[in-house]
Ligand code: ADP
Ligand code: MG
């Protein structure tokens with residue numbers, strides 16, 4: 001499903017260059033739950049942005065579900081992001097003025113679903129994450145864990161082939177974090193491919209397999 005080879009990415013900071021990813025090769029098969037574990041500044045978000053087709057590598061190859069990302073047009077990349085990938089972020093990235101239901105509806109409408117279909121799907125996925133009775137609440141009327149559940153429902157509603165979760169428990173207390181990880185675990189048990197990015201060893205253990213990222217380089221995890 002994901003096939004990265006010899007991927008590198010640098011940022012220019014004034015006159016100096018920061019090498020965020022240094023010759024990364026990484027594969028994940030459909031149905032896998034893989035954690036990418038590394039400390040702050042190791043390149044995790046840079047890798048997530050590339051995996052999610054939000055950014056491009058300087059060099060190296062990326063095939064997603066057989067598609068050569070380096071040779072895709074902006075239009076094709078937008079299609080891939082909308083149809084193949086579900087994003088979950090540390091800070092939930094919900095629209096604060098919209099209620100839970102509307103937050104889940106937005107990407108569905110954007111994808112061309114009718115208002116009625118969007119509402120039905122949004123309602124179904126909110127129920128799946130245990131928020132049936134919170135549809136009309138706005139993010140600030142909900143706890144962090146509930147907000148992350150909305151973000152999960154929003155990602156699921158588009159039926160992505162891959163879920164990319166960047167520190168999904170990073171803003172949550174331990175107990176709530178464990179609950180969110182249980183939801184991801186259950187989704188994976190039903191076949192959902194998940195790439196989890198985290199600095200937390202405990203959290204990474206919820207995945208089937210982990211790789212370590214250190215200073216932009218990737219290593220198999222020594223558990
Ligand atoms: P992580 O998510 O593991 O904390 P990042 O991918 O955010 O790591 O960052 C990796 C390295 O790249 C760090 O040294 C960071 O300072 C640098 N970096 C990240 N984004 C940018 C940017 N937009 N401009 C310049 N440097 C960046
Ligand atoms: Mg990060």
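Taking the criterion of being buried (at least 19 other Cβ atoms within 10 Å of the Cβ), in a loop (DSSP other than H, G, I, E, B) and in contact with a strand residue (DSSP E or B) (Cβ under 8 Å, 6 or more places away or on another chain), would at least one residue in segment 179-186 satisfy it? No, segment 179-186 contains no residue that is buried (at least 19 other Cβ atoms within 10 Å of the Cβ), in a loop (DSSP other than H, G, I, E, B) and in contact with a strand residue (DSSP E or B) (Cβ under 8 Å, 6 or more places away or on another chain). Only a single criterion out of (1) within 12 Å of the chain's Cα centre (by Cα); (2) buried (at least 19 other Cβ atoms within 10 Å of the Cβ) is not satisfied by residue 161, namely (2). Of all residues in segment 19-44, those satisfying the criterion of being within 11 Å of residue 9 (Cβ to Cβ) and within 9 Å of ligand 1 (Cβ to nearest atom) are 19, 20, 21, 43. The conditions of being more than 16 Å from ligand 2 (Cβ to nearest atom) and within 17 Å of the chain's Cα centre (by Cα) are not met by residue 35. When the residues of segment 182-223 are filtered to those that are more than 16 Å from ligand 1 (Cβ to nearest atom) and within 13 Å of the chain's Cα centre (by Cα), which remaining residue is nearest to residue 48 (Cα to Cα)? Ranking the candidates gives 194 first. How many residues are in a helix (DSSP H, G or I) and more than 10 Å from residue 153 (Cα to Cα) when one looks only at segment 106-123? The number of residues fulfilling the criteria is 11. Checked against the criterion of being out of contact with any helix residue (DSSP H, G or I) (no Cβ under 9 Å at 6 or more places or on another chain) and either closer than 21 Å to residue 212 by Cα or more than 16 Å from ligand 2 (Cβ to nearest atom) (or both), the candidates 51, 4 yield just one match: 51. Going by the structure shown, is residue 47 at pLDDT 95 or above, surrounded by 18 or more Cβ atoms within 10 Å (Cβ to Cβ) and assigned to a loop (DSSP other than H, G, I, E, B)? Considered against the rule, which asks whether it is at pLDDT 95 or above, surrounded by 18 or more Cβ atoms within 10 Å (Cβ to Cβ) and assigned to a loop (DSSP other than H, G, I, E, B), residue 47 comes out as no. Could you tell me whether residue 175 is surrounded by fewer than 24 Cβ atoms within 10 Å (Cβ to Cβ) and either part of a helix (DSSP H, G or I) or within 13 Å of the chain's Cα centre (by Cα) (or both)? Yes; evaluated as a whole, the condition is true for this residue.
The values are calculated or read from the model by the stated rules, or taken from the named source; none is laboratory data. Given the structure is predicted, the values throughout are model-derived calculations rather than measurements. Positions of Cβ are backbone-derived with ideal geometry, glycine not excepted, and every protein chain shown enters the neighbour counts.
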